[in-house]
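Worksheet for the structure shown next.
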Amino acid sequence: MRILLFTGKGGVGKTTLAAATAACLARRGRKTLMVSTDPAHSLADAVGKPLNDEPSEVDGFLYGAQVDMRSLADGAWSTLREQLRTVFSGLGLDLLDAEELTMLPGVDELLSLGEVQRLADTGPWENVVVDCGPTAETLRLFALPEAVSGYLRRLPAWRSATATARSADRFAAYVESLRTMLTGEETTVRLVLTPERVVVAETRRTLTSLALRGITVDGVVVNRMMPSAGLWRGAAATWLRTRRAQQEQVLAELREGGLVPGTLRTVEHRAVEPVGMEALLEIADELYGQASPLVGEPDTVPLLETSEEGDGVRLRIVMPLAKDSDVKLARIDDDLAVTVDGFRRLIALPEPLRAYTLTGAESDARGLLVHLENPL
């Protein structure tokens, strides 16, 4: 089963393109579920049919669902909250503190991801296409499983054989399963953007953040390209040519900058809002032609690469970086704390390198090059 996650800056058309991709897969005889975790719930508008929190048939092999946060809060969150309450109480927190701590920021994103996993695992789907929220919300969604796993591993509850430890283990297992789903070979992300420099800048930051999380991006879709003016003349034709030239320049910078992993696809702007299966399949034909919507060229380069350097080691952290990226690096125990444009991740050093000393670092288009020296 493949899980394909669509995200992008709000308003770039990711919902429409996710729905078009799902419709294309279903038309080719693959039982496909499309799920929306976007609070805007515009997936139902795109397909022109009502959707609810459980999968319902949209057309033939195509099924759809929209994550209902109210239902999740009443259901799954109550179970997780009880586990966390036990953990926090076992750490010596009084009841009021425990209640306050279980109202975790970002719990909506965590539950949404858990619901996607449940729907993917409990249905007969060959493919699951997810319409994620706007980029900022999606990055929080993707970061939470790893962040929570890291915090839980540091809890003293793991050092005791009590009910606290058992509850902590259950919650940790739940969170770890979400992280595994995101970083597994069956899951890829497809970024949607419009050909504007402001949007491209956000896309670059998103690519960096996803690379830090170990999440694979299999391609980028540039939406709302202006159609060619052809042989037309007049003010309108001149405006179209000027706008299209600007967009083509943005695309050229994307390609030349080496920031786009996988396949880059484009879709022209429509005069009429694409709603319903016929309009979605028309977009799919432009996007994919006869190729499979699942065929991309995902960047499978390992996050870490090492090579010898005199008495030390060069450790490369592979990720897309622009020349103006704000990069910070620090050593915290056995981890490297890497912060790029505000996105931070703790990267565990390979065990043979944990005794080495951090002596310097530099960056280039391929990522960070960290210099480590053997103290012996």
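Miscellaneous remarks
- By average C-beta atoms within 10 angstrom, highest first, the peptides 52-63, 187-198: 187-198, 52-63
- Only Cα sites of the range 304-373 enter the Debye sum here, all with the same form factor; the resulting log10 I(q)/I(0) across q = 0.13, 0.14, 0.17 1/Å is -0.33, -0.38, -0.57, listed in q order.
- Per-bin percent of Cα-Cα distances, the range 218-376 [10 Å]: 8, 26, 24, 18, 14, 8, 2, 0
- Under-5 Å amide H pairs with ARG265, H placed in peptide plane, nonlocal only: VAL220, VAL221, VAL222
- FRET efficiency estimate (nearest 0.05) - Cβ-Cβ, ARG314 to LYS31, R0 45 angstrom: 0.45
- Straight-distance candidates among the aspartates and glutamates for linking to LYS323, with alpha-carbon spacing under 17 Å and chain neighbours fewer than 8 residues away dropped: GLU202, GLU253, GLU256, ASP341, GLU362, ASP364.
- Packing rank of 114-126, 231-243, where each peptide gets the mean count of other beta carbons within 10 Å, highest leading: 114-126, 231-243
- Charge tally in the Cβ shell below 9 Å around SER209, where Lys, Arg are +1 and Asp, Glu are -1, SER209 excluded: +2
- Most to least packed among 32-38, 289-295 [average Cβ atoms within 10 Å]: 32-38, 289-295
- Charging the Cβ of each Asp and Glu at -1 and of each Lys and Arg at +1, and nothing else, the dipole of the range 304-373 about its Cα centre rounds to 240 debye.
- Using the Cβ-Cβ distance between THR263 and THR339 with R0 = 30 Å, the FRET efficiency computed as 1/(1 + (r/R0)^6) comes to roughly 0.50.
Taken together, the values in this text are just the output of simple stated rules run on the coordinates, not laboratory data. Worth saying up front: this structure is predicted, and the values here are computed from it rather than measured. Neighbour counts are summed over all protein chains in view; Cβ atoms, including those assigned to glycine, are modelled from backbone coordinates with ideal geometry.
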